[in-house]
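The values are calculated or read from the model by the stated rules, or taken from the named source; none is laboratory data. Everything quoted here is computed from the prediction, not taken from an experiment. Virtual Cβ from ideal backbone geometry, glycine too; neighbours counted across all protein chains shown.
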Ligand code: IFM
């Protein structure tokens, strides 16, 4: 990779100290699902259900990061990353969801965190990136309040052991997808098609978040103001636009926004669920299982808000009264996931978050899957990924120039990895992984990103 001087002046300079990183998650990269006492997760189980995951794939080996993490940390250093967002596998720490913690699991993350810190890479740990211990699923999973209580214990255990070494913590990754894809659409683990559970699942995820924040305040010293430190949550915000100017579609966009974005923002920052979402669910006789005091727990002050931003959604009215609204992809060019490439999704999602909070914001995920292959010289040219990242970063810069409190940006993903129900098809990595040999090869986008970090901005 080319050497760039850090004092180069860039056309789109980011603020000093802006945190440049890349992200991954445990089940998507670690493999070693039966090693060192790790328990079964809902994804291990889901992957064994016939027809649920493309090609019958699973995270059994994934990128073998569990064994190759020293090489992966060396790669991060080569890339010049200032931060790395990873997730902790709950079943490695509590193989059956509770009881006594598994020391071998804790040690794995302790070693990883120490290696990151030695290289000056700021660790951001996510506590829940979708790999629930299967034993808790058998007791109802997120539809049960008990899971939120067990999550608070799991979080406290990690704050006690790693709270001083990990400056940034995200509680839950994308609660919206956990609820809708896991319990209503059934496309993600645990694969349930029981939309009636939606509101309970969303509420218990938020409650788990709030309880973990409470534990953090008791166990970890308050972060110094201005530092990249503290606790937050990673929401996936998708700006919703009407598919047409028809009043039905305009209403559909507002409803979809309430059901997907504001369903999480509003309780976190305003101590209530959005009226439009409650009306929508109420008409379908879904009940919120909130106990007195829950909303205060959920609204416990946090230190930052993480945002996973990829695209926007178009909304249209669905004449099926059970559904009411339908999400459509936009008309623009698409990534290999079929997601519309729409860079203003960054400015719009940041504006939506800013409506709710003046807190520091981090883009905890942004990136794209594209099909590419190594050329005859072995190099991997991925101009589409570079263009995607450049245009989305330019949008982030625009938001910064308008005063948005954006403090950092994490590319999804460091490595190609297990893309959930899509198996190993879509490749999001700055670094290509050859799944036959597990060899890692940085793509052209990795050199490009390295240069962006070195000059703290876009050329
Ligand atoms: O791979 C996922 C990640 O686990 C959560 N956010 C979106 C990514 C791309 O689909």
Check: Of 135, 170, 200, which residue is surrounded by fewer than 24 Cβ atoms within 10 Å (Cβ to Cβ) and either under 19 Å from the mean Cα position of the chain (by Cα) or closer than 22 Å to residue 281 by Cα (or both)?
Finding: 200
Item checked: All positions within region 328-354 that are at pLDDT below 95 and either within 15 Å of the ligand (Cβ to nearest atom) or more than 19 Å from residue 370 (Cα to Cα) (or both) -> 328, 329
Note to self: Just checking: which of the strands (runs of 3 or more DSSP E) contained wholly in region 168-287 hold 2 or more residues that are within 16 Å of the ligand (Cβ to nearest atom) and in contact (Cβ under 8 Å) with a residue 40 or more places away in the chain?
What the structure shows: 168-173, 230-236
Notebook entry, point to check: Taking region 342-386 only, how many residues are without any contact (Cβ under 8 Å) to a residue 60 or more places away in the chain, closer than 16 Å to residue 427 by Cβ and out of contact with any helix residue (DSSP H, G or I) (no Cβ under 6 Å at 6 or more places or on another chain)?
Noted result: 5
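Would you mind stating whether residue 423 is within 13 Å of the ligand (Cβ to nearest atom), touching a residue at least 40 places away in the same chain (Cβ under 8 Å) and either crowded, with 18+ Cβ neighbours inside 10 Å or farther than 17 Å from residue 440 by Cα (or both)? Break it down into steps so the answer makes sense when it comes.
Values: within 13 Å of the ligand (Cβ to nearest atom): yes; touching a residue at least 40 places away in the same chain (Cβ under 8 Å): yes; either crowded, with 18+ Cβ neighbours inside 10 Å or farther than 17 Å from residue 440 by Cα (or both): yes.
Yes.
Any chance you could count how many residues in region 9-36 are within 16 Å of the ligand (Cβ to nearest atom) and assigned to a loop (DSSP other than H, G, I, E, B)?
Kept after step one, since they are within 16 Å of the ligand (Cβ to nearest atom), are these residues of region 9-36: 21-31.
Okay, now just the ones that are also assigned to a loop (DSSP other than H, G, I, E, B), so 24-25, 30-31.
So the count comes out to 4.
For every residue, the table says whether it meets (1) surrounded by 16 or more Cβ atoms within 10 Å (Cβ to Cβ); (2) in a loop (DSSP other than H, G, I, E, B).
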| site | (1), (2) |
| --- | --- |
| 301 | no, yes |
| 320 | no, yes |
| 331 | no, yes |
| 338 | no, yes |
| 342 | yes, yes |
| 346 | yes, no |
| 352 | yes, no |
Check: Where residues in region 103-128 are in contact with a helix residue (DSSP H, G or I) (Cβ under 6 Å, 6 or more places away or on another chain) and under 18 Å from residue 40 (Cα atoms), which of them is nearest to the ligand (Cβ to nearest atom)?
Finding: 127
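Could you tell me whether region 428-439 includes any residue that is within 18 Å of the chain's Cα centre (by Cα), buried (at least 19 other Cβ atoms within 10 Å of the Cβ) and more than 15 Å from the ligand (Cβ to nearest atom)? Before you say what the answer is, go through the steps one by one.
Pass one, region 428-439, residues within 18 Å of the chain's Cα centre (by Cα): 428-430.
Those still in the list that are buried (at least 19 other Cβ atoms within 10 Å of the Cβ) too: 428-430.
Now restrict to residues that are more than 15 Å from the ligand (Cβ to nearest atom): none.
There is no residue in region 428-439 that is within 18 Å of the chain's Cα centre (by Cα), buried (at least 19 other Cβ atoms within 10 Å of the Cβ) and more than 15 Å from the ligand (Cβ to nearest atom).
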